[in-house]
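**Student:** One structure, as structure tokens, below. Some questions next.
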Amino acid sequence: MTESAPDVLWQPTPESIRATRLAAFAARVAERRGVDVGDPVDYDRLWRWSVEHLDAFWAEVADWSGVLPGVPDDRVLTRREMPGAEWFPGTTVNYAEQALRHATDEHPALISVTEGTLAGESEPVETSWADLRRQVGAFAATLRRLGVRPGDRVAAYLPNVPEAVVAFLGAASIGAVWSSCAPDFGTRSVLDRFAQIEPTVLVAVDGYRFNGRPHDRRDVVADLRAALPTVRTTIAVPRLFPDEVPDGALSWADAVADEQEPQFEPLPFDAPLWIVYSSGTTGLPKGIVHGHGGVVLEQHKQLALHGDVRPGDRFYWYASTAWIMWNIATSALLVGATVVVHDGAPAYPAVDAQFALAARTGITYLGTSAGYLTACEKAGIRPGETCDLSRVRAIGSTGSPLPASAFRWVYDAVSPDVFLGSLSGGTDVATGFIGSSLLLPVTAGELQRPMLGVAAAAWDEQGRPVTEELGELVVTEPMPSMPLYFWADPDGTRYREAYFEPWPGVWRHGDWLEVTGRGTCVITGRSDSTLNRGGVRMGTADIYAAVEPIPEIADCVVLGVEQPDGGYWMPLFVQLAPGTELTDDLVARIRQAIRTGASPRHVPDEVIAVPGVPHTKTGKRLEVPLKRLFQGVDPRKAVNAGAVDDPALVEHYVGLARKRG
């Protein structure tokens with residue numbers, strides 16, 4: 001599909017390559033393993049070795065990082081199948097211990113900002129490593145006092161605030177399992193996630209500010225407490241009402257009052273660390289369980305080797321606690337970096353907010369979403385001229401494909417010298433599949449390569465690797481941060497169905513991938529029906545659960561359509577009950593139902609009345625084929641008419657797609 005090489009926007013030099021952490025790691029591999037990695041290091045050679053010698057590669061990462069030194073190759077991956085790979089049996093790792101081992105007085109652990117900070121109403125707040133350790137120790141002691149044991153779940157309904165970091169590390173330190181939702185999620189969406197995992201403790205905020213407005217969540221928290229019978233204790237985090245503590249709850253101040261050094265539970269490598277959630281495209285969101293050891297090693301690889309993040313760096317990624325990027329941003333503590341914690345809207349008080357934040361706090365690695373960079377481009381701003389971005393070495397982008405024009409905008413309007421890395425991974429593995437490296441040039445609209453240790457490829461429908469054409473993104477070898485299991489899936493059936501069909505033993509991720517003849521990669525969006533706005537994924541089932549109770553709605557289908565220019569169009573098609581019209585009032589009620597029942601991030605761009613909703617003959621809405629119609633795919637290729645309950649209905653959507661196209 002790729003006709004010619006795109007613009008090269010940034011090029012490493014032999015000197016810049018040799019100065020990277022990855023080059024130092026590669027030199028170590030060359031010396032210890034006798035591998036010819038080139039001089040300066042050739043990324044493709046190193047990647048090929050990493051996927052062909054998984055045991056040796058991960059043994060080197062474990063030793064180099066200091067996490068698990070000296071583990072012999074034959075004790076790294078003792079069972080290689082997927083699912084069910086067994087990594088580093090007999091070893092112990094505690095994520096919180098690893099995250100807090102870099103304590104130093106030379107730079108803070110956290111820098112926290114709010115919307116008020118960027119509006120000039122308050123100053124950034126620094127948390128030293130020593131203070132973070134003592135607060136984590138205090139919170140962990142409180143959990144132990146409350147009877148929380150290893151394996152118990154601690155659930156959080158919190159924005160991106162320091163309390164979330166402290167609570168997460170405190171839970172991890174004692175072996176409790178963490179899970180979080182952002183407070184913009186409505187009651188039903190939160191319960192769809194938390195009710196499954198039966199938490200023992202709920203850490204909840206009373207409200208949050210977004211786009212300059214307060215949002216009171218006290219009623220939602222009360223509903224959650226009433227609907228989660230396993231919660232023995234609620235710990236109340238104040239944001240809007242500092243003098244209020246709900247009846248029967250423990251205040252955050254009391255939970256961290258007894259500051260002390262943390263005591264870390266030694267945990268098996270595959271002990272559960274956190275539960276994050278699939279989109280819930282069909283049924284309830286699936287609880288994805290990741291392990292301590294796999295996450296720690298993957299993040300050392302991703303952040304230190306691919307991102308070149310170092311002790312003393314100031315690492316930022318705009319994220320909510322509902323997005324895996326919050327977990328990954330917090331993981332910068334593992335490599336000794338300062339984490340910049342931002343509670344607020346991505347573009348408040350102005351569209352350049354994240355660049356202004358970088359200037360204000362001295363960020364060295366600025367992580368954001370493709371949607372934000374595209375919005376900045378469309379707004380015509382030039383932050384390189386209005387903000388002091390001299391300390392920003394790298395910009396990371398994820399959440400959706402970054403279009404070529406936004407790449408060019410970064411190098412024109414931000415800095416010609418910054419390293420721009422576009423990443424593609426997922427909640428499913430808490431890391432990237434396709435990523436960036438300072439060893440490689442940056443080309444407009446492309447991701448650089450599969451990441452080290454990731455045997456990623458594009459496959460056609462027959463399961464054959466393809467280049468220069470779209471295929472399914474697959475991974476053919478295990479990764480240590482692949483899920484341990486799904487929650488409440490004792491025989492692994494849902495896990496296998498999610499990733500290992502149609503090819504048993506091969507991970508099918510659900511993204512469209514093109515590998516070019518030059519080895520670069522292009523992700524064009526989801527090959528499934530997941531709704532993915534700015535990286536925050538939600539299943540279509542959440543939308544249907546909010547809309548279907550409205551009596552005027554007979555049926556509906558929602559689509560998340562990635563656009564060629566990097567935009568994202570999310571229409572909701574509604575079949576109305578007989579005698580009903582799609583009035584402005586009904587549209588407003590539909591939008592409000594989704595805003596409060598599901599998520600304000602996933603309110604549709606348009607509500608469109610249709611004569612009906614086509615289904616498969618087994619009763620499933622025809623989401624992916626309809627999405628492909630609106631992406632310009634030939635209807636004969638997009639829809640198998642023989643599998644549709646009412647093929648005539650499809651013609652209506654074909655007409656809408658042609659009109660829109």
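**Student:** Any idea which of Arg149, Arg193, Arg209 is closer than 24 Å to Ala593 by Cβ, out of contact with any helix residue (DSSP H, G or I) (no Cβ under 8 Å at 6 or more places or on another chain) and among the charged types (D, E, K, R)?
**Tutor:** Arg193
**Student:** For the stretch 67-79, state whether one or more residues are under 20 Å from Gly307 (Cα atoms) and of a type in the set (Gly, Ala, Ser).
**Tutor:** Within the stretch 67-79 (the criterion being under 20 Å from Gly307 (Cα atoms) and of a type in the set (Gly, Ala, Ser)), the answer is no, since none of the residues qualifies.
**Student:** Go through the stretch 572-609 residue by residue and tally those that are surrounded by fewer than 19 Cβ atoms within 10 Å (Cβ to Cβ), over 23 Å from the mean Cα position of the chain (by Cα) and of a type outside the set (Asp, Glu).
**Tutor:** Residues meeting the conditions: 16.
**Student:** For residues in the stretch 176-215 being of a type in the set (Lys, Arg) and surrounded by fewer than 19 Cβ atoms within 10 Å (Cβ to Cβ), which is farthest from Gly344 (Cα to Cα)?
**Tutor:** Once the filter is applied, the top-ranked residue is Arg188.
**Student:** For the stretch 339-370, give me each residue that is in a helix (DSSP H, G or I) and touching a strand residue (DSSP E or B) at 6+ places or on another chain (Cβ under 8 Å).
**Tutor:** Of everything in the stretch 339-370, those that are in a helix (DSSP H, G or I) and touching a strand residue (DSSP E or B) at 6+ places or on another chain (Cβ under 8 Å) turn out to be Gln354, Phe355, Leu357, Ala358, Arg360, Thr361, Ala370.
**Student:** On to the next question. For the stretch 412-435, what are the residues that are modelled with pLDDT of 95 or more, surrounded by fewer than 24 Cβ atoms within 10 Å (Cβ to Cβ), small (Gly, Ala, Ser) and not in a loop (DSSP other than H, G, I, E, B)?
**Tutor:** Ala413 - this is the single residue of the stretch 412-435 that is modelled with pLDDT of 95 or more, surrounded by fewer than 24 Cβ atoms within 10 Å (Cβ to Cβ), small (Gly, Ala, Ser) and not in a loop (DSSP other than H, G, I, E, B).
**Student:** Same structure, new question: All but one of (1) closer than 26 Å to Thr361 by Cβ; (2) out of contact with any helix residue (DSSP H, G or I) (no Cβ under 6 Å at 6 or more places or on another chain); (3) hydroxyl-bearing (Ser, Thr, Tyr) hold for Ser112, so report the exception by its number.
**Tutor:** (2)
**Student:** Tell me the residue from Pro383, Pro349 that is over 17 Å from the mean Cα position of the chain (by Cα), over 13 Å from Trp317 (Cα atoms) and touching a residue at least 60 places away in the same chain (Cβ under 8 Å), please.
**Tutor:** Pro349
**Student:** Kindly check whether there is at least one residue in the stretch 624-642 that is surrounded by fewer than 17 Cβ atoms within 10 Å (Cβ to Cβ), on the phi > 0 side of the Ramachandran plot, in contact (Cβ under 8 Å) with a residue 12 or more places away in the chain and assigned to a loop (DSSP other than H, G, I, E, B).
**Tutor:** yes
**Student:** I would also like to ask the following. Identify, from the list Ala541, Ala593, Ala588, the residue that is touching a residue at least 60 places away in the same chain (Cβ under 8 Å), under 30 Å from Arg217 (Cα atoms) and not hydroxyl-bearing (Ser, Thr, Tyr).
**Tutor:** Testing whether each residue is touching a residue at least 60 places away in the same chain (Cβ under 8 Å), under 30 Å from Arg217 (Cα atoms) and not hydroxyl-bearing (Ser, Thr, Tyr) leaves just Ala541.
**Student:** Mind telling me which of the residues Glu60, Glu81 ends up being in contact (Cβ under 8 Å) with a residue 24 or more places away in the chain, touching a helix residue (DSSP H, G or I) at 6+ places or on another chain (Cβ under 7 Å), closer than 27 Å to Lys301 by Cα and not small (Gly, Ala, Ser)?
**Tutor:** Glu60
**Student:** Among the residues of the stretch 216-240, how many are buried (at least 17 other Cβ atoms within 10 Å of the Cβ) and either among the charged types (D, E, K, R) or assigned to a strand (DSSP E or B) (or both)?
**Tutor:** 8
Yes or no, residue by residue, for (1) within 21 Å of the chain's Cα centre (by Cα); (2) without any contact (Cβ under 8 Å) to a residue 12 or more places away in the chain; (3) under 18 Å from Tyr277 (Cβ atoms):
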| site | (1), (2), (3) |
| --- | --- |
| Leu439 | no, no, no |
| Ala444 | no, no, no |
| Ala456 | yes, no, no |
| Thr467 | no, no, no |
| Gly471 | no, no, no |
| Thr476 | no, no, no |
| Tyr485 | yes, no, yes |
| Tyr495 | yes, no, yes |
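Listed here are the residues, each with its yes/no results for (1) assigned to a helix (DSSP H, G or I); (2) crowded, with 19+ Cβ neighbours inside 10 Å.
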| residue | (1), (2) |
| --- | --- |
| Phe407 | yes, yes |
| Val410 | yes, yes |
| Ser437 | no, yes |
| Thr467 | no, no |
| Pro478 | no, yes |
| Pro490 | no, no |
| Gly505 | no, no |
| His509 | no, yes |
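**Student:** Further question: Could you say whether any residue in the stretch 152-163 is of a type in the set (Gly, Ala, Ser), at pLDDT 95 or above and not in a helix (DSSP H, G or I)?
**Tutor:** Yes, because at least one residue in the stretch 152-163 is of a type in the set (Gly, Ala, Ser), at pLDDT 95 or above and not in a helix (DSSP H, G or I).
**Student:** Sort through Ile553, Ile523 and tell me the only one that's over 30 Å from Leu438 (Cβ atoms) and buried (at least 17 other Cβ atoms within 10 Å of the Cβ).
**Tutor:** Only one candidate qualifies: Ile553.
**Student:** Could I ask something else about it? Within the stretch 288-316, count every residue that is surrounded by fewer than 24 Cβ atoms within 10 Å (Cβ to Cβ) and either under 21 Å from Ala182 (Cα atoms) or under 13 Å from the mean Cα position of the chain (by Cα) (or both).
**Tutor:** Total meeting the criteria: 1.
**Student:** Also, I was wondering about something else. What tally of residues in the stretch 391-437 results from selecting those that are over 16 Å from the mean Cα position of the chain (by Cα) and acidic (Asp, Glu)?
**Tutor:** Number of matching residues: 2.
**Student:** Are any residues in the stretch 89-112 surrounded by fewer than 18 Cβ atoms within 10 Å (Cβ to Cβ) and either in a strand (DSSP E or B) or within 26 Å of the chain's Cα centre (by Cα) (or both), and if so, which ones?
**Tutor:** Scanning the stretch 89-112 gives Thr92, Arg101, His102.
**Student:** If you don't mind, there's one more thing I want to ask. If you go through the stretch 604-621 one residue at a time, do you hit one that is among the acidic types (Asp, Glu) and more than 30 Å from Phe210 (Cα to Cα)?
**Tutor:** Among the residues of the stretch 604-621, not one is among the acidic types (Asp, Glu) and more than 30 Å from Phe210 (Cα to Cα), which makes the answer no.
**Student:** Right, here's the next one. In the set Val61, Val41, which member is part of a loop (DSSP other than H, G, I, E, B), surrounded by 19 or more Cβ atoms within 10 Å (Cβ to Cβ) and at pLDDT 95 or above?
**Tutor:** Val41
The values are calculated or read from the model by the stated rules, or taken from the named source; none is laboratory data. Bear in mind the structure is a predicted one, so any value in this text is a computation, not a measurement. Ideal geometry is used to build each Cβ from the backbone, glycine not excepted, and the neighbour counts take in all protein chains shown.
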